[in-house]
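A short write-up of the structure that comes next.
The values are calculated or read from the model by the stated rules, or taken from the named source; none is laboratory data. Just so we're clear, the structure is a prediction, and the values are computed from it rather than from any experiment. Reconstructed Cβ throughout: ideal geometry from the backbone, glycine too, with neighbour counts over all protein chains shown.
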Amino acid sequence: MAHPAAPDQERASNRPVRIGVTGIGIMGSNHARVLAELPGAELVAVADPDQAQAQRVANFLGCKAVGDHHELLALGLDAVVVAAPTHLHHPIALDVIAAGCSVLVEKPVASTTEEGREIVAAAREKGVTLMIGHVERFNPAVRAIKDAIRDENLLSIAITRVGPFPPRMSNVGVVIDLAVHDIDLIRWFTGSDILEVQPQTRAAIAEREDIALLQFRTATGALAHINTNWLTPFKARTVHVATSKKYVIGDLLTRQVTEHFDYRPDGSYSTRHLPVAYAEPLRAELENFLSSVRTGRPPEVTGEEGVASLEIAMACLPGAAASARASSTKRRAVG
Ligand SMILES: NC(=O)c1ccc[n+]([C@@H]2O[C@H](COP(=O)([O-])OP(=O)(O)OC[C@H]3O[C@@H](n4cnc5c(N)ncnc54)[C@H](O)[C@@H]3O)[C@@H](O)[C@H]2O)c1
């Protein structure tokens, strides 16, 4: 399928989207597992230069194993998930797009914003769907927080995302690897751009930054803070949001979301536990991608948004200006 189908074509053709995954490591294996179960997808093959790994996953899921994305594309696909290491996103995504296939690129979209923009431009020119794998947007707890703060006057957001060193170190530090998730959430929660960044980072043990405290101001005036590191023995992911009327606390791992509101002069207030749906975030993300491929409607996380979040993350890296106005270009996170 060279171009996303029009909605009426979607109704006419109910055939599953022929899809492959390239890069069958931790994340790629998860994509392949979910795709193999999704009714709207036909997982045709997985690709990885580590043939033993590709074959193992292929045997388990009942699809073909190939060595790289060129062999994958030769199988005649509608779409490809790119879950290879980040520095390979750019060349692989450009080849996939040139072949007329839609593409879901894992986060971060690329190693540099220039590469990210090239991917966005290529997809637009070819008329294929491009989605970025900011999977946290599909976490039901994140959705519950987003619902709780909709139409509120948002004052501040504080996100903690800490844990141990990843089992395999990539060639990016904790800002590009982890904080980019939360930069995307801050843009999405506020529905606005980040205008100011005040980063503090440090390479305490690793070669690249492994600890970061990042502060932001958005175009709407909301303040935001990210505490992230690879120096904590356990994983924690929490979101605190202050609005002029309520304080919302979400735990993205246990998926508990609570709001505190109705503050009274005697110091008392009300607390409510919010309902959080059950859903696997990756499944919801892939369903959204497949729907975009079929209908041609923009996916929930566009290439432009992936580049915008990467741009902010890059502005937080050591060497970037200590307090940078990230960009005067007006962008808006889809809300
Ligand atoms: N959305 C998320 O929450 C999330 C979580 C983890 C990783 N990621 C992203 O997914 C990507 C992969 O991360 P990972 O943790 O799965 O890494 P990983 O090291 O576990 O897997 C990468 C795989 O890519 C393979 N590979 C290497 N060169 C390749 C090539 N030319 N073509 C195809 N495959 C190739 C490797 O052999 C390996 O199997 C990164 O971009 C990372 O940022 C996203």
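Computed quantities for the displayed model
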{"quantity": "Residue match in region 213-228 (condition: hydroxyl-bearing (Ser, Thr, Tyr), crowded, with 23+ Cβ neighbours inside 10 Å and in contact (Cβ under 8 Å) with a residue 12 or more places away in the chain)", "calculated": "yes"}
{"quantity": "Strands (runs of 3 or more DSSP E) wholly inside region 9-79 containing at least 1 residues that are among the hydroxyl-bearing types (Ser, Thr, Tyr) and touching a Pro at 6+ places or on another chain (Cβ under 7 Å)", "calculated": "none"}
{"quantity": "Subset of region 67-91 [free of Cβ contacts under 8 Å to residues at least 12 places away in the same chain and either near the ligand (Cβ under 9 Å from one of its atoms) or surrounded by 24 or more Cβ atoms within 10 Å (Cβ to Cβ) (or both)]", "calculated": "91"}
{"quantity": "Candidate set from region 130-169 (those that are within 12 Å of the ligand (Cβ to nearest atom) and of a type in the set (Gly, Ala, Ser)); member that is surrounded by the fewest Cβ atoms within 10 Å (Cβ to Cβ)", "calculated": "163"}
{"quantity": "Residue 239 being within 17 Å of the chain's Cα centre (by Cα), at pLDDT below 95 and of a type in the set (A, V, I, L, M)", "calculated": "no"}
{"quantity": "Scope region 17-54; condition more than 9 Å from the ligand (Cβ to nearest atom) and surrounded by fewer than 16 Cβ atoms within 10 Å (Cβ to Cβ); matching residues", "calculated": "37, 39, 51, 52"}
{"quantity": "Residue pairs meeting the criteria (Cβ under 6 Å; at least 6 apart or on separate chains; first touching a residue at least 60 places away in the same chain (Cβ under 8 Å), in region 158-169; second within 14 Å of the ligand (Cβ to nearest atom) and part of a strand (DSSP E or B))", "calculated": "161/228; 161/237"}
